[in-house]
Amino acid sequence: MHADFLIFPQWLLPVDAQDRELRDHAVAVADGRILAVLPAPEARRSITAARVHELPGHVLIPGLVNAHTHAAMTLMRGLADDLPLMTWLHDYIWPTETRRVDPRFVGDGSRLAVLEMLRGGVTCFNDMYFYPEVTAQVAADAGMRALIGMIVVDLPTGYADGADAYIAKGLALHAHYRGHPLIRIGFAPHSPYAVSDAPLERIRTLADELEVPVHIHLHETRDEVVASLRDHGARPLARLEALGLVGPGLVAAHMTQLDDAEIERLAAAGAHVVHCPESNLKLASGFCPVARLLAAGVNVALGTDGAASNNDLDLLAEMRTAALLAKGVAGSAAALPAAAALRMATLNGAHALGLEREIGSIEPGKAADLVALDLRDANTQPLYRAVSHLVYAAGRHQVRQVWVQGRQVIRDGAPTSLDQDAVIAAAQGWAQRLAPA
Ligand SMILES: [Zn+2]
């Protein structure tokens, strides 16, 4: 058998049904896909390859999936901290966005985000922001996989002057990327409080026709739920249910306010939840009941949210926070074990984005979206179980090699598809432009 390349990591975490931790195995890649996963001696005997990556001391994992973010908001990283969600949004983030967000902002911010994410082992992200055509282009140019949202809000912005215009622009973007190997386009109405019933109904009809996910902020805070009861006589989830939006295509970010009946209904509908623990902690939004959701059979993925509320796009750290927070919230150290946290950051994310047949685990036939971390550092020694160090001890500096669809986009810790110095210099220029007066 012939492969384009072979990888020999010391440990392999394929995120398979048994959560196996394999030693001395190899992964063979051909035409951007995983050709075989097999014991290293057998690979050396039976597979010829143009290139061989020997990775002693490394663990190989599936590329991480950041299932909820706003890439361009990296430019507002650290602009306003230590404020509750609505003050932060109304007094800082939205005024800055109204004044300053344009295609150049989105380009510079998205490039910074893509650089940060690839260097941190994230190979796929689910984005919601203005000028999504710019973010899509940035991701495609950098060889990163993404589900880019057709953003919809009621309010006019520089990008579009009302819900119909947002939808029209989104549909043009969807048509443009049809069949693209890395970029998919889905709907991303911002939230039930920012989008009224009529556009939400149109989105449901169009999402069904196009068979694309609907990504939305939902039950992020108690205030959101209280306001919905006042304005609509229903909790936001119930309102979306009445509009026909709660089904296997729903990707609901945050979900900190959930009662038992709602968890049962999410499970029955096959809807997906994206847990964003660090953003929820920083904005004091509440705690997503992750252990209860998983026990009920709801697919829970992991997201960083935007860098303005996190303040990084570090999915390794998010895994650790999710695992620790779930234990605290459930009052049980057995809640969300390390392997389950890794699953949330990989296969569950792929499932939420409708990409579970394509990515999320290391199995023959799937795309070769792979990340190798070097565990031969002080903070990850001695080593008993690779998955323990990956979730509880490793840092992004240990991400050394990253492939997306078989293309190496990070080599020895450095990007191959982005000019790192230029990306950082462009971002730095925004600090003067955006600084509050
Ligand atoms: Zn968000």
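Considering only the chain, what is the antiparallel percent among its DSSP beta bridges, to the nearest 5?
The antiparallel fraction comes to roughly 40 percent.
Roughly how big is the chain's charge dipole about its Cα centre, with Cβ charges of +1 (Lys, Arg) and -1 (Asp, Glu), in debye to the nearest 20?
Charge dipole of the chain: 860 debye, to the nearest 20.
Relative to 2.2 N^0.38 Å, what does the C-alpha radius of gyration of the stretch 390-437 come to as a ratio? Two decimals please.
So the Cα radius of gyration is 1.60 times the expected 2.2 N^0.38 Å.
Taking N as the number of residues in the chain, what is its alpha-carbon radius of gyration divided by 2.2 N^0.38 Å?
In units of the 2.2 N^0.38 Å rule of thumb, it is 0.94.
Tell me, in nm to one decimal, what length is gained between Leu281 and Tyr392 on full extension, where the rule is 0.36 nm per residue of separation less the Cα-Cα distance?
38.1 nm
Using heavy-atom solvent-accessible surface (probe 1.4 Å) with all chains present, what is the largest-first order of Arg230, Arg292?
Of Arg230, Arg292, the descending order of accessible area is Arg230, Arg292.
Relative to the present Cα-Cα distance, how much length would full extension add between Asp377 and Asp161 at 0.36 nm per residue of separation?
72.5 nm
Show me the GluC sites (Glu not before Pro) within the stretch 182-265 that DSSP assigns to loop and that have at most 10 other Cβ atoms within 10 Å of their Cβ.
In loop regions of the stretch 182-265 (DSSP not H, G, I, E or B), the sparsely surrounded GluC sites (Glu not before Pro) are Glu211.
Restricting attention to the stretch 1-39, which trypsin sites (Lys or Arg not before Pro) occupy a DSSP loop and are surrounded by at most 16 other Cβ atoms within 10 Å?
Here the trypsin sites (Lys or Arg not before Pro) that fit, given the DSSP loop and packing criteria, are Arg20.
If you take the charge dipole of the chain about its Cα centre, with +1 on Lys and Arg Cβ and -1 on Asp and Glu Cβ, which of Ala386, Phe130, Val65 is farthest toward its positive end?
The Cα lying farthest towards the positive end belongs to Ala386.
What nm distance separates the two modelled labels at Arg411 and Ala261, each placed 7 Å from Cα along Cα→Cβ?
5.9 nm
For the chain, what does -39500 (n - 2.57) per DSSP helix run (n ≥ 4), summed and divided by total residues, give at 222 nm, in deg cm²/dmol to the nearest 500?
After summing the helix terms and dividing by residue count, I get -11000 deg cm²/dmol.
For Lys366, Lys327, Lys169, Lys282, what's the largest-to-smallest order of accessible area, 1.4 Å probe?
Greatest to least solvent exposure: Lys169, Lys282, Lys327, Lys366.
Please give me, ordered by residue number, the chymotrypsin sites (Phe, Trp or Tyr not before Pro) of the stretch 60-106 that lie in loop per DSSP and have at most 13 other Cβ atoms within 10 Å.
In loop regions of the stretch 60-106 (DSSP not H, G, I, E or B), there are no sparsely surrounded chymotrypsin sites (Phe, Trp or Tyr not before Pro).
Amide H neighbours of Ala49 under 5 Å, counting only residues 5+ apart in sequence or on other chains, H built in-plane at 1.01 Å?
Ala3
Pick out which of Gly121, Gly179, Gly170 has the largest mean-square fluctuation in a Gaussian network model of the chain, springs linking Cα atoms closer than 10 Å.
Looking only at Gly121, Gly179, Gly170, the largest GNM fluctuation is found for Gly179.
Hey, with R₀ at 35 Å, roughly what FRET efficiency would Glu356 and Ala227 work out to, going by the Cβ-Cβ distance, to 0.05?
Plugging the Cβ-Cβ distance into 1/(1 + (r/R0)^6) gives 0.50.
What is the list of residues in the stretch 148-162 whose amide nitrogen lies under 20 Å from a point 7 angstrom out from the Cα of Arg100, following Cα to Cβ?
Within reach of a label on Arg100: 157-160.
Could you tally the net charge around Ile203, taking each other residue with its Cβ under 13 Å from the Cβ of Ile203, Lys/Arg +1 and Asp/Glu -1?
Around Ile203, the surrounding residues sum to -4.
Percent of accessible area on the stretch 127-261 owned by carbon and sulfur, 1.4 Å probe?
So the carbon and sulfur contribution to the accessible surface is 52 percent.
Looking at the stretch 320-359 from every direction and averaging, what is the projected area of its Cα convex hull in nm²?
Answer in nm², one decimal: 2.9.
Which residue fluctuates most in the GNM of the chain (Cα springs below 10 Å): Ala317, Ala367, Ala330?
Maximum among the listed residues: Ala330.
Note the per residue figure in Å³ for the convex hull of the C-alpha positions in the stretch 301-413.
It is 128 Å³ per residue.
Any idea which of Leu375, His217, Tyr193 is furthest toward the positive side of the dipole for the chain, if Lys and Arg beta-carbons carry +1 and Asp and Glu beta-carbons -1?
Leu375
The values are calculated or read from the model by the stated rules, or taken from the named source; none is laboratory data. Owing to the predicted nature of the structure, the values given are computational and were not obtained by experimental measurement. A quick note on method: Cβ atoms are made from the backbone with ideal geometry, for glycine too, and the neighbour counts reach across all protein chains shown. To get the accessible areas, we keep the full protein, side chains included, count just its heavy atoms, and leave off ligands, DNA and RNA. Shrake-Rupley method; radii C 1.70, N 1.55, O 1.52, S 1.80 Å.
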